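Shown next, in structure tokens, is the structure this report addresses.
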Amino acid sequence: MTENDIIQFVSGFPGVVTQTIEENSDTPEVAWGDTFFFYDPEGTLEAHPRQPFATIVIKDYPDWDTVSDLNRPGVFRLNIAIGRAAMERLVGDDPDVDYTAEDRVVPHPKYATQGWIAIVSPGEQARPLLTEAHARAVARHRPRKAS
């Protein structure tokens, strides 16, 4: 799957707000080009920021997250909040994780304890995982009133 395939697929879910960080935005430069998927059916994201349920990261974050070696040509990482139980079911407890392996579900290098997984340059296996993460976001959603 390409980044655009993922963006199109996830953006088609009900209530999803997709944000790709534009260059020269107020967001830190390191996030420019990354994409965030939020469940926000009320459209209150601006007034009441939420955590994304999935992200696409297109490059390494120096001094923070470089283990996936995302600065390779054509490589990106899909991160998905799948929940701890699903994460453990999917990745087990392999202590020798290769975070650079492509199209392989691994624990997120920074947020695994919060139930996040990561897939470098994912294939079709990402679709059901994204569907599951969206359903989880829907189930956990608490409406917020617009300001």
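Some observations on this one:
- Each peptide in 8-14, 22-28 gets a packing score, the mean of other Cβ atoms within 10 Å over its residues, and the list from highest to lowest is 8-14, 22-28.
- Placing a label point 7 Å from the Cα of His141 along the Cα-to-Cβ direction, the residues of segment 35-52 whose backbone N falls under 19 Å from that point are 36-52.
- Ordering of 64-74, 78-88 by packing [mean C-beta count within 10 Å, highest first]: 78-88, 64-74
- Peptides 47-56, 122-131, 90-99 ordered by average Cβ neighbours within 10 Å, highest first: 47-56, 122-131, 90-99
- A simple count of charges around Asp60, restricted to other residues whose Cβ falls under 14 Å of its Cβ and scoring Lys, Arg +1 and Asp, Glu -1, yields -1.
- A Förster distance of 30 Å, applied to the separation of the beta-carbon atoms of Thr100 and Asp26, puts the FRET efficiency at 0.40.
- Per the Kirkwood formula applied to alpha carbons, segment 1-81 shows a radius of gyration over Rh ratio, Rg over Rh, of 0.97.
- Placing +1 on the Cβ of every Lys and Arg and -1 on the Cβ of every Asp and Glu, with no other charges, gives the chain a dipole of roughly 780 debye about its Cα centre.
- Distance from segment 117-139 to segment 43-70 (C-alpha centre basis), Å: 15 Å
Values quoted throughout were computed directly from the atomic coordinates according to the rules given, and no laboratory measurement underlies them. Just so it is clear, the model here is predicted, and its values are computed rather than measured. Here the Cβ is made from the backbone with ideal geometry for all residues, glycine too, and neighbour counts use every protein chain on show.
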